[in-house]
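These notes are about the structure you will find just below.
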Amino acid sequence: MPDKINKIAVVTGGTGYLGRKVVEKFSDEGFKVYLPVNSLKKFMEVFDSSLDENAEFKLRKIFAFECNALDENSVNEFVEKVAGLEKGRVDVLVNTVGGFPEARNVADFELTEFSGWFDINFTSAFLFSKAVLKKMIPFNYGKIISIGSLASLDPLEGRLAYSVAKSAIVVLMDTISKEYKKHNIRANTVIPSVIDTPSNREWGSDEDAKKWVKPEDVARVIYSLADSGFNSVRESVIKVLGNY
């Protein structure tokens, strides 16, 4: 088992509001973190603090390569690139890629639209999990954590594809834990309530926001699951609900 200072993490969706908090937490704890990104320019805008006079200087090991998270060849190339730089290792994968669609009832859902939202919320996690498992197995070590949703436990009206995809995330994580238990690989689903983000603040009131969970809190839970203190926690759903 690698020590904390030398661990390698891949965080998908790392430039999103939750994803960047996860990246910062792992980096602050000494991980080297790799991000698959659609745009290196966006990555620099999010993580380059050199132009911010008020920013506290931190020596962080955060790297990014362009990658299409919904294309299997692109995902495989990204994972191979990371593993090639790190002597074959990927120790932790955190899947945060996702999206929340506008409401549309079942009879009004076009198949292409359903597939698009399902892919964003499930297929990316499946592709990255499949690819990193091949790197974790030889080392008999690995942690995979994916972001689920309360919709996986209680389907939301008008959000069939989202609810189905998030339910599939739970099944994927539990299946990985069962299939790769002998390789000391654990997988968990973290289910937050509404996360306090700028985009959610656009529709929620200040009173609503008091019930929401802070993205930093979700990031701390995710990191805890990746830490050695939670080695006995497998095929589980962890709810992070704030005051929801």
From the options 198, 215, residue that is touching a Phe, Trp or Tyr at 6+ places or on another chain (Cβ under 9 Å), loosely packed, with under 15 Cβ neighbours inside 10 Å and at pLDDT below 95
198
Regarding residue 96, is this residue under 22 Å from residue 21 (Cα atoms), of a type in the set (Ser, Thr, Tyr) and either touching a Gly at 6+ places or on another chain (Cβ under 8 Å) or surrounded by fewer than 15 Cβ atoms within 10 Å (Cβ to Cβ) (or both)?
yes
Can you work out which of the residues in the range 33-63 that are surrounded by fewer than 11 Cβ atoms within 10 Å (Cβ to Cβ) and aliphatic (A, V, I, L, M) is modelled with the highest pLDDT?
59
Which numbered condition in (1) touching a residue at least 40 places away in the same chain (Cβ under 8 Å); (2) out of contact with any Leu (no Cβ under 9 Å at 6 or more places or on another chain) is the only one that residue 87 fails?
(1)
Restricting the range 218-234 to residues that are modelled with pLDDT of 80 or more and of a type in the set (D, E, K, R), the residue that is farthest from residue 142 (Cα to Cα):
220
Run residue 122 past the list (1) of a type outside the set (Val, Ile, Thr); (2) surrounded by 15 or more Cβ atoms within 10 Å (Cβ to Cβ); (3) at pLDDT below 90 and report the number of the one that doesn't hold.
(3)
Which numbered condition residue 144 misses (of (1) part of a strand (DSSP E or B); (2) closer than 16 Å to residue 240 by Cβ; (3) among the β-branched types (Val, Ile, Thr)):
(2)
Scan 102, 80 and give me the residue that is surrounded by fewer than 23 Cβ atoms within 10 Å (Cβ to Cβ), assigned to a loop (DSSP other than H, G, I, E, B) and on the phi < 0 side of the Ramachandran plot.
102
Of everything in the range 82-114, what is over 19 Å from the mean Cα position of the chain (by Cα) and farther than 17 Å from residue 151 by Cα? Give them in sequence order.
84, 85, 86, 87, 88, 107, 108, 109, 110, 111, 112, 113
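The values are calculated or read from the model by the stated rules, or taken from the named source; none is laboratory data. Keep in mind the model is a prediction, meaning the values are calculated, not measured. No Cβ is skipped: glycine too gets one built from the backbone with ideal geometry, and neighbour counts run over all protein chains shown.
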